[in-house]
Each structure stands twice: as C-alpha cells, then as structure tokens.
C-alpha cells in the first residue's frame with residue numbers, strides 16, 4: 001500500500017512535531033537534531049497537545065490546528081503528553097490514537113551495548129505488535145448492579161486481521177523468521193479465539209514466516225525465562241499492554257523503548273516513557289527512546305539511509321560508553337545534549353560489535369474497510385440471555401422465570417452466576433452476587449425468534465424482576481454465536 | 001474464621017488426594033511421602049479426576065464420589081489434570097475451582113539455593129494473590145455480529161473485597177510488609193477501578209501493612225526490572241494469570257511454583273505445572289512444586305511444624321546440590337525419588353544459608369455472603385444503550401435513530417464504534433465494524449425511565465435496525481453507572 005506522506009515543494013516529507021510535556025521538549029529536540037544531522041529530507045510542522053492544551057479548556061488535550069496538521073501530514077513525531085489533574089477524562093495520547101485509528105502499536109526491543117541487564121549477552125531482539133483500538137480499551141463500562149461492574153471486551157475479525165497482517169509484514173520488513181500470536185483462546189474461545197483463528201488463517205499467506213500460537217500467560221513466562229526465543233509477538237490490546245511493558249524491562253527500561261502507532265491513514269511515533277516532570281529542564285534524560293522512535297518514523301517515510309545512520313550512531317555512542325543517568329546513575333552520566341552530540345559524531349559509522357538489522361520498507365496491509373467484514377449466508381435468533389439483578393435465592397428466581405415464560409416460545413435453560421450454572425442446581429458451592437444471567441432458548445429446534453417474541457420475553461421477565469442487560473443469542477451459518485456456562489450441558 | 005477441616009476418629013485431618021494425570025501420580029506420591037515422613041497428622045482419601053474420568057464419559061472430568069469427598073474433607077491436594085482431546089469443553093481443574101468457589105489463587109515464589117536464574121542473589125520472595133472466580137474468566141461470550149465477538153469482564157465489589165482481604169491476611173500470616181494492588185483502573189474506571197477503590201478502602205483496616213496501587217503494565221515491567229521490590233501483589237483474574245506465570249519464571253520455572261486455591265468452604269492445593277505426559281513414569285520430574293503445595297496445605301490445616309520441616313528439607317536438599325533434570329539437564333540429575341529421599345533426610349534441619357520465613361496461620365477473611373452486597377439508597381434508570389448491527393453509514397444510522405425516538409422520552413446522545421464517538425461527527429478517522437452503540441438518554445434531567453418506556457425505545461429502534469444487545473443506564477445514589485465514550489461530552 002502506498003505510504004501517505006505530504007511532500008513539501010522542496011520534496012521533503014512534512015512531519016507534525018509535538019514537543020509535548022515535561023521532558024518532552026528536550027528529548028524531541030534531541031531527536032530532531034539527529035534527524036537533521038543525518039540529512040533526512042524532512043520538514044517539521046510544530047504543533048501543541050497535552051497539558052498546556054487541557055489547561056486552555058480543550059477537554060481532549062488536542063487542539064483543532066494540531067488535528068488539521070495531522071490530517072495533512074499523516075505523520076507525527078511526538079513527545080510524552082501529560083493530563084493535568086482535574087482536566088480531561090481521557091488522555092491526549094489516547095485521543096490522538098483514537099481520532100486517527102492507529103490500530104497497530106509496534107514496540108521493538110533489543111539488547112544495547114553497554115546497558116547491563118540480567119539478560120545481557122543473550123541477544124534479546126524482538127517486536128511486540130499490539131492491537132491498539134479494540135478489546136477492553138474500548139472502555140465500554142456499565143454498573144450492572146450497585147455492586148457489579150462490567151466492561152465489554154470486543155474483538156473483531158477485521159481488527160484481528162489488520163493487526164495480524166501488520167505483524168507478518170513487520171516480520172518481512174525486518175527479516176524476522178517467526179511470529180508468535182499470544183492469546184487466551186483456551187478460556188475465551190470467541191474473543192481471543194477469534195484472534196487465534198484469524199492468525200491461523202492469515203499465517204497461510206506467509207509461508208516464509210514460522211507462525212506459532214502461544215497462551216498469553218505462558219508467553220509472559222517464556223519472555224522472562226528465555227526472551228531470545230521470540231522474534232515478533234502479535235497480541236490483543238490488553239495482553240499487549242502488559243507484554244510490551246514487560247519486554248522493555250528486559251533491555252534496560254523505558255529510556256530505550258521506542259514505538260510506532262500505525263494506522264491506514266496516519267502514523268504516530270513516540271517514546272513509551274512518560275513526561276517525568278521532575279526531570280524537566282535538567283538535561284539528564286536519556287533521549288534514546290525518542291531517537292529510535294524517529295528512526296521508525298524515518299523508515300515509515302522512506303528515509304532508510306538516514307534511519308540506518310541514526311541507529312548506528314546510537315549503538316556507537318552506547319558502545320563507546322556514552323551513557324545517561326538512567327543507566328549509570330548521576331556520577332559520570334552523559335547529559336541529554338552530550339549524548340545527542342555523541343550520536344551525531346557517530347552517525348553512519350558501523351558499530352564495532354553491535355549488529356544492525358537490514359530493513360526493507362514496511363508494506364502496510366490492505367484490509368477491506370467494509371464494516372460488515374464477515375457476511376454469513378444464514379442466520380437466526382435462537383434465544384436470549386436476560387441479565388437480572390435480584391436478592392432472591394436462585395431457586396426462587398429460576399422457578400419464577402420458568403413460570404413467567406411458560407406460555408412463550410422459549411424455555412429457561414439455566415441461570416448462572418459469573419459464568420457458573422447454578423440453576424437447575426449442580427452442587428456448586430457458589431457465593432453469588434446480585435447479578436444472574438437467565439438463558440432462554442427456543443423450544444423448537446427450527447425457526448427463528450421474532451423481534452416481537454424476544455421483546456415479549458424481556459417484558460414478561462421484567463414484570464417481576466429487574467433486568468439491566470439483554471443479549472440476543474444468534475446462530476451464524478449454523479454455528480452458535482455464544483458460549484456455554486460452566487456446568488451448562 | 002475457623003478452618004473447615006474434617007478430623008478422623010484418630011484426630012487427623014482428612015485430605016482428598018487426587019494423583020491426577022501424566023507425571024501427577026509421581027509428584028503426588030513424592031509429596032505424600034514427605035508429608036508422612038514429617039509426621040503430619042493427615043489421613044488421605046484418594047479420589048480420581050481428569051483424563052480417566054473424561055474418557056469414562058463424565059463431561060466435567062470430576063466424578064460424583066470425588067465431589068462428595070471434597071464436600072466432606074474441604075481440603076484437596078491434587079496433581080495436574082489433563083483434558084483429553086475431544087472430551088469436555090471445560091477443564092477438570094476449572095470445574096473443581098468453580099464448583100467449590102475457590103476465589104483466591106495464592107502463588108508464592110522465592111529464590112531457591114542452587115537454582116541459577118538471571119535474578120539469583122537478589123532475594124526474590126513474593127506472593128501473587130489472584131482473584132480466581134470472576135473477571136473475563138466467567139467466560140460469558142457472544143458473537144455480537146458475524147464478525148464481532150464480545151466477552152464480559154465482570155468485577156464485583158464483593159469479589160474484590162474477598163480477594164483483597166485475603167491478600168492483606170496473607171501479608172500478616174507471612175510477616176510481609178507491603179501489598180501492591182495491580183489494576184488497569186486508568187483505562188477501566190468502573191471494573192478495574194472497583195478493585196482499586198476496594199483496595200484503598202480495605203487497606204485502611206490494615207495500617208500495619210504498606211498498601212500501594214500499581215498500574216498492571218508497570219507491574220509487569222517492574223517485576224522484570226526489580227522483582228525484589230515486591231512482597232504481595234493482589235490483582236484481578238486475567239492480570240493475575242499473566243503476572244503469576246511471569247513471576248514463576250523469575251525463580252526457576254514451574255517446577256518450583258506451588259499454589260493454593262482458597263475458598264470460604266474448600267481449599268485446593270496443587271502445583272502450577274501441567275501433566276507433562278511425555279515424562280510420565282520416567283522418574284525425572286522435579287517434585288518441588290508439589291511438595292511446596294503440600295506445605296501450603298499443611299499450614300492450612302494447622303500443621304505448622306510439619307510444614308516448616310518440609311520447607312527446610314527442600315531448601316536443604318537444593319543447597320546440597322540435589323537438583324533435578326529441569327535445573328541441571330540430564331547429566332547428574334537427581335531422580336524424582338532420589339530428590340524425595342534427600343528431602344526426607346533433611347526434614348526439619350535448618351538450611352545452612354537459605355532463610356525460612358516464620359508463618360502464622362492464615363486468618364481467612366469473613367465477608368458477608370449477601371448477594372446484594374452494595375445497597376444504594378436511591379437509584380434510577382436514566383437511559384439505555386442499544387447495540388446495533390448495520391452496514392449503513394453512521395450518519396444514516398444516527399439520523400434514522402433520531403427520527404425513530406423523536407416522540408419518545410429519550411434522545412440519541414451519540415453513536416460510537418468500539419468506544420469512540422463517531423456520531424455526531426467529531427472528525428475521527430474511524431475504520432468501523434458493523435457494531436455500533438446508540439446511547440439514548442432521558443430528555444428530562446429528573447425522573448426515571450419506566451420499564452415500558454425502555455422497551456418501547458428498543459422496539460422502535462428494532463423496527464428499522466437489527467439490535468443484539470441492550471444495557472440500561474443506571475444511576476446509583478446520584479452517580480452515573482456508566483462511562484463515556486472517547487469524544488463523548
């Protein structure tokens with residue numbers, strides 16, 4: 001897919017530059033200096049976001065002229081943004097990612113010369129590719145009862161396909177041999193399972209890359225035990241949040257963790273670390289993460305040589321023992337500007353020891369933008385789950401619901417509490433909360449519940465019990481679109 | 001709270017012993033030998049579960065006489081259980097945990113002498129206390145549309161209170177100074193936030209223990225960077241699954257990872273590792289995890305001295321270089337029985353170097369079993385979220401819903417796609433799926449939507465659009481029981 005880049009009249013790629021908050025301006029300035037020294041054909045359009053914007057009363061933390069700039073340039077290099085206490089329910093970082101649907105969060109980590117960790121010498125060099133839009137991060141939450149909260153975990157086939165294709169393309173662009181997909185499909189067969197099944201399907205189109213599924217908890221275990229076995233790890237949003245932060249600790253911390261947020265239209269490059277206001281203006285922060293984010297940005301706009309030169313410069317400076325406070329403590333630490341100078345002196349010089357990977361431009365995957373990405377041939381509504389709040393004993397609730405639907409086309413199959421069937425009784429010693437799910441299924445094995453029938457079921461239960469949530473039970477192409485409770489036949 | 005133990009006529013605690021599958025019988029036999037050699041006042045009632053039970057056609061993997069035994073003894077020591085391919089949708093492990101509501105999963109890890117890891121010498125010694133019943137593990141999943149899957153993440157105040165109190169009691173029983181609560185409350189303010197707020201409330205009752213909240217991704221980062229800073233970590237089910245498997249890798253792997261599953265009525269003790277059928281009958285497996293699970297079991301039934309003697313024996317054997325295949329490879333490895341003999345020889349002997357913690361009996365928390373654990377004074381229904389499947393452009397959907405509810409007591413506040421508001425338009429470049437949420441709120445700031453009004457809203461939208469999911473919007477004691485979408489005012 002063609003890269004979306006805005007070229008200036010002089011043929012340079014225009015990049016929206018957001019200095020950000022706290023130590024942001026210092027590390028962004030360091031990154032800007034090395035990009036310019038490397039001779040990259042870049043022009044900057046500087047824009048604001050974050051704390052200063054919130055305090056002006058813009059609740060999103062991102063002003064209109066920043067949004068306008070990003071819509072034009074399609075490429076952003078940004079420093080960390082802060083949300084001042086009392087302003088904004090959502091962070092400006094999240095606003096930018098959501099506004100521009102940057103669905104893919106790319107988080108490379110590698111061992112750096114001179115940066116000692118418990119894993120030094122093992123050659124850790126991997127990329128976490130994290131889905132960045134859906135999953136629990138949609139943030140759709142409801143108090144189902146006064147004491148029971150719910151968040152919706154949403155995983156789509158389209159979202160899964162986009163992130164998985166991106167992961168395989170990252171593997172190809174970086175000459176990597178293996179992609180692991182980390183899910184909890186053994187427990188969440190529909191949601192995490194959708195990611196796993198999509199992975200297995202897409203993997204067949206990339207026979208040159210080894211594809212392997214791994215249970216996410218085992219992945220965390222293996223990342224600590226033997227991180228050098230991993231190359232690319234693709235995963236859902238929440239899992240990826242945890243795994244990617246885990247991996248950055250393997251190689252020396254957030255000072256060395258760059259990231260790219262890739263969308264079909266826009267890409268945002270940023271260091272993973274925060275704005276560290278305590279260190280702002282003190283010229284002590286490690287700018288490596290920001291410089292390497294700029295390297296990812298340069299590759300995105302096709303400046304492969306400048307990207308390579310900067311990566312070599314960073315590795316060279318580290319090899320020569322130019323190390324910042326986060327690595328060596330206060331004594332003998334290079335300042336932010338001294339480290340930047342050292343990188344500039346070594347631009348494009350091959351490091352003595354450290355290997356530098358060869359990169360090809362990343363081929364952004366094309367995935368249909370049809371909202372109805374999956375189109376079944378047949379479908380029917382075979383039942384309805386009605387979630388009820390009650391302090392009645394479950395036997396009373398169950399018998400009451402049975403009576404209420406006695407004359408209807410559905411029957412009560414079971415009542416469950418947080419996933420465990422408790423009516424009809426199974427002998428489970430469940431300590432219930434006031435949140436029950438009544439599963440009502442068609443009496444007939446054929447046909448379809450009508451809209452009116454579904455509403456009538458809800459109405460009749462609602463006449464005696466307080467419901468707060470209803471789910472239709474769909475069957476698509478003969479396959480039930482719902483899982484069974486623990487203990488349900 | 002009084003411990004539930006079944007005493008035999010000779011005054012011994014009766015324990016249900018489940019040898020389990022694969023290498024299970026070998027490690028369980030090793031644990032049994034050390035328990036008996038330590039002189040613990042235990043009698044065993046051996047029962048089956050797992051593969052052999054599934055293949056007899058019992059879909060839960062747990063036969064009635066095993067359930068009956070557990071109901072009597074209230075204490076289980078069990079080996080790993082396997083689910084043979086093609087049998088059972090749920091594992092027998094999960095069946096046991098669900099049947100007996102073992103809400104608290106306790107996962108201690110500590111550095112062991114002679115077991116080299118990248119963290120050796122740093123004194124890692126921590127306990128993860130994982131909620132074991134609710135969260136995404138309720139497994140309540142629906143295909144919302146043909147291409148969008150949903151899983152419900154459920155967190156209750158009662159469930160949070162139980163696990164958090166358990167964590168503080170673990171800290172007191174083990175003389176630990178600090179409890180971290182790891183959540184993603186910054187993103188999931190209602191669900192993960194409920195865990196965080198409960199932690200902050202309960203912590204005030206334990207002033208002698210330092211209480212600290214940590215964002216779960218940072219917790220994973222810090223566990224890799226500086227694991228020795230942690231003492232007790234309490235967390236939700238999914239987070240805890242990942243974090244506890246991460247921690248077991250810090251100290252030498254699953255061969256050293258015991259666990260307790262604590263319920264108000266029943267407690268189940270087991271090694272974390274699987275049944276490893278490949279090694280079954282070869283006398284090569286490290287029985288430490290199972291022995292240490294027995295140590296946890298002994299403390300649970302009040303056999304503190306026998307527990308201490310075994311822990312000392314294990315540490316002594318490891319200090320003397322008696323190491324199994326998982327630690328030293330095939331050459332020079334002690335067999336399962338040789339390791340067990342070595343432990344028995346050293347029972348109750350103080351290790352030369354390794355510190356052994358002093359334990360007090362764990363005080364099991366008492367939490368009201370009222371299902372309606374939180375009782376608001378005032379409540380009202382202020383709106384309804386209707387989830388719609390459509391391939392219409394969102395402007396068309398939005399205008400249509402506005403027309404459909406024009407004469408009703410509610411108005412369309414917004415339409416969102418996976419958490420981001422897209423109607424009325426905000427400028428977001430969202431790549432939508434065929435799953436939209438229409439948020440309908442009362443026009444009047446006062447009063448309450450009636451049951452009939454809610455159903456009429458659903459009916460009127462359903463007349464033109466396909467809905468699959470409805471959530472009432474509740475307000476409890478004046479506080480909205482629902483979050484806003486990204487971009488919603």
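Descriptive notes on the structure:
- Region A:324-438: antiparallel DSSP beta bridges as a percent of all, rounded to 5: 90 percent
- Paramagnetic label reach from residue A:177 (point 7 Å along Cα→Cβ; backbone nitrogen cut-off under 13 Å): within region A:232-252, residues A:232.
- Tensor-based shape of the protein assembly as shown (alpha-carbon gyration tensor, a/c under 1.5 rounded, otherwise prolate or oblate): oblate
- Using a simple spin-label model with pseudo-atoms 7 Å out from Cα toward Cβ, residue B:282 and residue B:5 lie 3.8 nm apart.
- Shape call, region B:231-374: gyration tensor on alpha carbons, a/c limit 1.5: prolate
- Available extension along the chain between residue B:425 and residue B:65 is 123.5 nm, counting 0.36 nm per residue and deducting the alpha carbon span.
- Listed from fewest to most Cβ neighbours within 10 Å, the set B:435, B:300, A:6 follows the order A:6, B:300, B:435.
- Counting only DSSP H runs of at least 4 residues, each contributing -39500 (n - 2.57), and dividing by the residue count of the protein assembly as shown, the helix-based mean residue ellipticity at 222 nm comes to -10000 deg cm²/dmol.
- Tilt relative to chain B, helix B:304-319 - C-alpha long axis, 0 to 90 degrees, to 10: 80 degrees
- For A:270, B:265, the sequence from fewest to most other C-beta atoms within 10 Å is B:265, A:270.
- Each residue in B:308, A:195, A:429 was given a count of other beta-carbon atoms within 10 angstrom of its own, and listing them fewest first yields A:429, B:308, A:195.
- Considering only beta bridges that DSSP places wholly inside chain A, some 65 percent are antiparallel.
- For chain A, the longest principal axis of the alpha carbon atoms and the long axis of helix A:237-250 meet at an angle near 40°.
- Relative to the longest principal axis of the Cα atoms of chain B, the long axis of helix B:288-300 lies at roughly 80 degrees.
- Two-site FRET efficiency, residue A:370 against residue A:212, from Cβ-Cβ distance with R₀ of 35 Å, rounded to 0.05: 0.75
- Cα gyration tensor category, rounded, prolate or oblate, for region B:105-181 with a/c compared to 1.5: oblate
- Here the contact order of region B:100-252, divided by its residue count and restricted to Cα pairs under 8 Å and six or more residues apart, works out to 33 percent.
- Relative contact order of region B:402-461, defined on C-alpha pairs under 8 angstrom at six or more residues apart (%): 41 percent
- The mean sequence separation of alpha-carbon pairs under 8 Å and at least six residues apart, normalised by the residue count of chain A, gives a relative contact order of 16 percent.
- Considering only the protein assembly as shown, percent of DSSP beta bridges that pair antiparallel, nearest 5: 65 percent
- Measuring from the axis that maps chain B onto chain A, the chain B residue with the nearest beta carbon and its rounded distance in angstrom come out as B:118, 2.
Rule-based calculations on the coordinates, nothing more; no lab input. Since the model is a prediction, treat every value here as computed from it, not as a measurement. Counting neighbours? That spans all protein chains shown, and the Cβs are built from the backbone with ideal geometry, glycine included.
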